[in-house]
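Novice: First the structure, then my questions, so here it is.
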Amino acid sequence: MTAQKEITLCCEPAASTINITLTELINDYISLDGSVSPPPPNIPMIKESLSWNLTDALKKYLTENLQFKKIETLTKELLDFHYDIDDWILGELEVCESKILSNVIDNNFNILKLNYFHIKEGSILASPSTENPNYFYDWVRDSGILMKTILNFVKVQLEFIDYDVEHDYVLKHVSFKNYKLFAFCLKNFNHNYVLMQQDNLSGSCDPNGDLKGLGEPKWNLDETRYDDPWGRPQNDGPAIRAMAALHFLQLLRKYKIKVKDIISAVKDLGLLKYEIFFENETEFINKYIYYDLKFIMLNWREENFDLWEEVKGFHFFTSLVQLKAIKLAQENLPFYQASDSGVLDDAFINKLEETYNNILNFMENDAGFTEADKCHYIENPQSKSHRCGLDIATIIGSNLTHDYLFEHDLGNAEIPYSSRDFKILNNLHHLGKKFVDLYPINDEFKKSELSIGCCMGRYPEDVYNGNGTSHGNPWFLAVSNSCLLVYNTIQDYLINKRDLEILLTSSVESDNFWNSIFALSNLHIPFEEDVKVTIPYGSDLWEMTLKALARFADLYILQVRMHLNQKLGSMSEQFDLNTGMMRGAEDLSWSYSSFWTAGIMRAKTLNELSKFEESRKKPSGFI
């Protein structure tokens, strides 16, 4: 009789696990065109061997039988979109940047204020669509995400400036375009400051009160309240707004730029023609960042609506962005304590640490985001009666709070739940499997038994079709964030020189992320032990696996390329689950932000992979 398997924590190997180290696959390779060799004939597994022990036999079996999944069986229509992919991405990145700057309210970038005289500079359109559906509003969350992207625009430009860091001032070399971006950042902060003073249907903004009004999700573009019924409050907005503001300070500090110098420069250039609420770092912190952080301290345990504005409760995404905002404050605000005469006393800094620990403990133990029998996170625990818990929001939250583009050289504000977390990767795997089954447009993936690289939506039970209810569709931002997570994963392995670890037969759940990459179902390991395969950093198989991950990540890029406007490169909110035609709000800012971030991350990661390959080619002892 077969022994019962030891039950362990999900994603954790059992005590009886057999550990195998693999450095190569004898019968598999990736060719220059990305194809792989056919699988070898099945070799019977022999547990007892005259000369080898079990570990040796397993290693031989896996070396000869472990195979990468194939994408060649997918429709030629999709794979044909891979031609000149690098050049196409460069062009689409320009489209995304242009479209984003067309949706910001700023006379320096567009003439929106001439067409709509009542709207205020500094706000950001969710979409220019005014009917069917009407997205002509400023959402705090969406605008915060767009501000983080705009700051990445600035950072990418600054990284290309060649100047003497020790004896020169970077502002002498900043382009006119970057000054316009800096000016918009100031206008956006000033715009949000106006909103933060107004009591609303979410609550009061009294600085001495609970600040619940900061959880108001949506505003009219003339800076007046939106008073129609809505899913309020949404407590992710203040956290994302604080993240953007703290990133702004991080960026200035890295390049030794003073707030007063930025304000003076953009005024001299005629890019800012009115007074704003702050003149220096201290006022920016005391009047702006402090209140979003205080809001989190006072309200992180309160139930609120999710980022899709549909269900009230606790949400993985919301708690994660709150955790990140507090961590960024912990890491950055002490730099400004000495010059501060306002809020940054030791008590406040200590309160940040206390809040961080409380939120983290809540996420790990009390919120219901984890369940022992599930190897992925639950986005909305209180909705389990009618939702499976899988939601692209979990992946968006991980990406948003682990920004390899912005933070890699701006200090250490690392928090849990990155792509290093196996459960986060499993969210992608299981969500992909759901959408392969749900969306007819993914039928080729279903036939090929692939779950990674398919068209992705918000969550499996979605019924919003872009202008009403019937069935959910794939979303451009969901596809791009799926791509970004995979490239974040590759980047993490590269820069941290981590071994790859694959649990082939988990005690609780064998169907995990690595099933997306390897044809694990073809393996036959007929005994009860778990098998953990370690692929050492720098080995041939390690490099091959990262390249395979990149190939699968590019399938998401191809999905975007296939379904956007082929002539203009424009994206809406969604595309139809049957036909692939665009649906929902046109020119959604968040769609462009998500693709731009994924595209830049792809370029950065492939550059790191190329450098790794070059380093391996150097002869031993070469300097």
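Novice: Can you tell me which of 414, 364 is among the acidic types (Asp, Glu) and in contact with a Pro (Cβ under 9 Å, 6 or more places away or on another chain)? Walk me through it before giving the result.
Specialist: Numbers: 414 fails: in contact with a Pro (Cβ under 9 Å, 6 or more places away or on another chain).
Just one listed residue meets the conditions, 364.
Novice: For the range 75-89, name all the residues that are assigned to a loop (DSSP other than H, G, I, E, B) and more than 23 Å from residue 441 (Cα to Cα).
Specialist: Of the residues in the range 75-89, the ones assigned to a loop (DSSP other than H, G, I, E, B) are 75, 83-84.
Selection gives 84 alone.
One line per residue, one yes/no per condition, for (1) under 33 Å from the mean Cα position of the chain (by Cα); (2) closer than 30 Å to residue 524 by Cβ; (3) at pLDDT below 85:
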| site | (1), (2), (3) |
| --- | --- |
| 41 | no, yes, yes |
| 75 | yes, no, yes |
| 84 | yes, no, no |
| 110 | yes, no, no |
| 135 | yes, no, no |
| 140 | yes, no, no |
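Novice: Which members of the range 343-373 meet the condition of being of a type in the set (A, V, I, L, M, F, W, C) and not in a helix (DSSP H, G or I)?
Specialist: Within the range 343-373, the first condition is being of a type in the set (A, V, I, L, M, F, W, C), and the residues that meet it are 343-344, 347-349, 352, 359-360, 362-363, 367, 369, 372.
Result: 343, 344, 367, 369, 372.
Novice: Quick one: is residue 144 under 19 Å from residue 481 (Cβ atoms) and either part of a helix (DSSP H, G or I) or touching a Phe, Trp or Tyr at 6+ places or on another chain (Cβ under 9 Å) (or both)? Let's see the steps before the verdict.
Specialist: Details: under 19 Å from residue 481 (Cβ atoms): yes; either part of a helix (DSSP H, G or I) or touching a Phe, Trp or Tyr at 6+ places or on another chain (Cβ under 9 Å) (or both): yes.
In short, yes.
Novice: Among the residues of the range 436-463, what is the count of those that are farther than 14 Å from residue 481 by Cα, modelled with pLDDT of 95 or more and part of a loop (DSSP other than H, G, I, E, B)?
Specialist: Summing the residues that are farther than 14 Å from residue 481 by Cα, modelled with pLDDT of 95 or more and part of a loop (DSSP other than H, G, I, E, B) in the range 436-463 gives 5.
Novice: Please find, within the range 146-168, the residue that is surrounded by the fewest Cβ atoms within 10 Å (Cβ to Cβ) out of those that are in contact with a helix residue (DSSP H, G or I) (Cβ under 8 Å, 6 or more places away or on another chain) and of a type in the set (Phe, Trp, Tyr).
Specialist: Step by step, filter the range 146-168, then rank; the result is 163.
Novice: Of the conditions (1) part of a loop (DSSP other than H, G, I, E, B); (2) touching a Leu at 6+ places or on another chain (Cβ under 6 Å), residue 152 satisfies every one except a single condition; which number is it?
Specialist: (1)
Novice: Follow-up question, since we're still on this one. In the range 569-611, how many are within 15 Å of the chain's Cα centre (by Cα) and outside any helix (DSSP H, G or I)?
Specialist: Residues meeting the conditions: 0.
Novice: Oh, and also: Quick check: anything in the range 331-344 within 18 Å of residue 243 (Cα to Cα) and of a type in the set (Phe, Trp, Tyr)?
Specialist: Yes: the range 331-344 contains one or more residues that are within 18 Å of residue 243 (Cα to Cα) and of a type in the set (Phe, Trp, Tyr).
Novice: OK, next. Name every residue in the range 354-388 that is charged (D, E, K, R) and crowded, with 18+ Cβ neighbours inside 10 Å, in order of residue number. Outline the logic, then answer.
Specialist: Step one: filter the range 354-388 for residues charged (D, E, K, R), giving 354, 364, 366, 371, 373-374, 379, 384, 387.
Matches in the range 354-388: 374, 379, 387.
Novice: Which of the residues belonging to the range 444-490 are among the β-branched types (Val, Ile, Thr) and either surrounded by 21 or more Cβ atoms within 10 Å (Cβ to Cβ) or touching a residue at least 12 places away in the same chain (Cβ under 8 Å) (or both)? Even if it seems obvious, please write down each step before you answer.
Specialist: So the first thing to find is which residues in the range 444-490 are among the β-branched types (Val, Ile, Thr), and the list is 452, 463, 469, 479, 486, 489-490.
Passing the criteria: 452, 479, 486, 489, 490.
Novice: Follow-up. Give the range 84-120 a look and list any residue that's out of contact with any helix residue (DSSP H, G or I) (no Cβ under 8 Å at 6 or more places or on another chain), touching a residue at least 24 places away in the same chain (Cβ under 8 Å) and over 22 Å from residue 156 (Cβ atoms), or say none.
Specialist: Hits for the range 84-120 are 116, 118.
Novice: Take residues that are within 15 Å of residue 141 (Cα to Cα) and either in contact with an Asp or Glu (Cβ under 8 Å, 6 or more places away or on another chain) or of a type in the set (Lys, Arg) (or both) and tell me which of the helices (runs of 4 or more DSSP H) falling wholly in the range 181-287 contain 2 or more. Give the steps one after another, and end with the answer.
Specialist: Working: elements: 237-254, 259-268, 281-284.
So the answer is 237-254.
Novice: Still on this structure: Would you confirm whether or not the range 157-168 contains a residue that is in a helix (DSSP H, G or I) and at pLDDT 95 or above? Lay out the reasoning, then the answer.
Specialist: Here is the first cut: in the range 157-168, the residues in a helix (DSSP H, G or I) are 157-159.
Within this subset, residues satisfying the condition of being at pLDDT 95 or above are none.
Within the range 157-168, none of the residues are in a helix (DSSP H, G or I) and at pLDDT 95 or above.
Novice: Further question on the same structure: Tally the residues that are within 17 Å of residue 246 (Cα to Cα), among the aromatic types (Phe, Trp, Tyr) and at pLDDT 85 or above, restricting the search to the range 395-418.
Specialist: 1
Novice: Restricting the range 288-308 to residues that are closer than 30 Å to residue 462 by Cα and in a helix (DSSP H, G or I), which is farthest from the chain's Cα centre (by Cα)?
Specialist: Just the residues of the range 288-308 that are closer than 30 Å to residue 462 by Cα, to begin with: 296, 299-308.
Still in the running and in a helix (DSSP H, G or I): 296, 299.
Numbers: 296: 21, 299: 24 Å.
Filtering first and then ranking leaves 299.
Novice: Residue 189 fails exactly one of the following numbered conditions: (1) in contact (Cβ under 8 Å) with a residue 24 or more places away in the chain; (2) within 26 Å of the chain's Cα centre (by Cα); (3) more than 27 Å from residue 477 (Cα to Cα). What is the number of that condition?
Specialist: (3)
Novice: Could you grab me the full set of residues in the range 112-131 that are modelled with pLDDT of 95 or more and of a type in the set (S, T, N, Q)?
Specialist: Result: 123, 127, 129, 130.
Novice: Take residue 546 and tell me if it is modelled with pLDDT of 95 or more, farther than 30 Å from residue 104 by Cβ and not in a strand (DSSP E or B).
Specialist: Details: modelled with pLDDT of 95 or more: yes; farther than 30 Å from residue 104 by Cβ: yes; not in a strand (DSSP E or B): yes.
Answer is yes for this residue.
Novice: Sticking with this structure for a sec: Within the range 212-244, which residues are farther than 19 Å from residue 299 by Cβ and either modelled with pLDDT under 95 or basic (Lys, Arg) (or both)?
Specialist: Listed by number, the list holds a single entry, 225.
Novice: Just to verify a result, which residue in the range 300-353, among those that are buried (at least 21 other Cβ atoms within 10 Å of the Cβ) and among the β-branched types (Val, Ile, Thr), is nearest to residue 400 (Cα to Cα)?
Specialist: My answer is 321.
Novice: Given the options 386, 376, name the one that is in contact (Cβ under 8 Å) with a residue 24 or more places away in the chain, in a loop (DSSP other than H, G, I, E, B) and under 21 Å from residue 417 (Cβ atoms).
Specialist: Details: 386 fails: under 21 Å from residue 417 (Cβ atoms).
It is 376.
Novice: When both residues are 6+ apart or on different chains and their Cβ atoms are under 7 Å apart, which pairs have a first residue that lies in the range 236-261 and is touching a residue at least 24 places away in the same chain (Cβ under 8 Å), and a second that is part of a helix (DSSP H, G or I) and of a type in the set (Lys, Arg)?
Specialist: Note: pairs meeting the criteria are 236/141; 237/141; 240/141; 243/148; 243/324; 244/148; 247/148; 251/155.
The values are calculated or read from the model by the stated rules, or taken from the named source; none is laboratory data. Computed from a prediction, not measured in an experiment: that's the story for all the values here. All Cβ positions, even for glycine, are placed from backbone atoms using ideal geometry, and neighbour counts span all protein chains on display.
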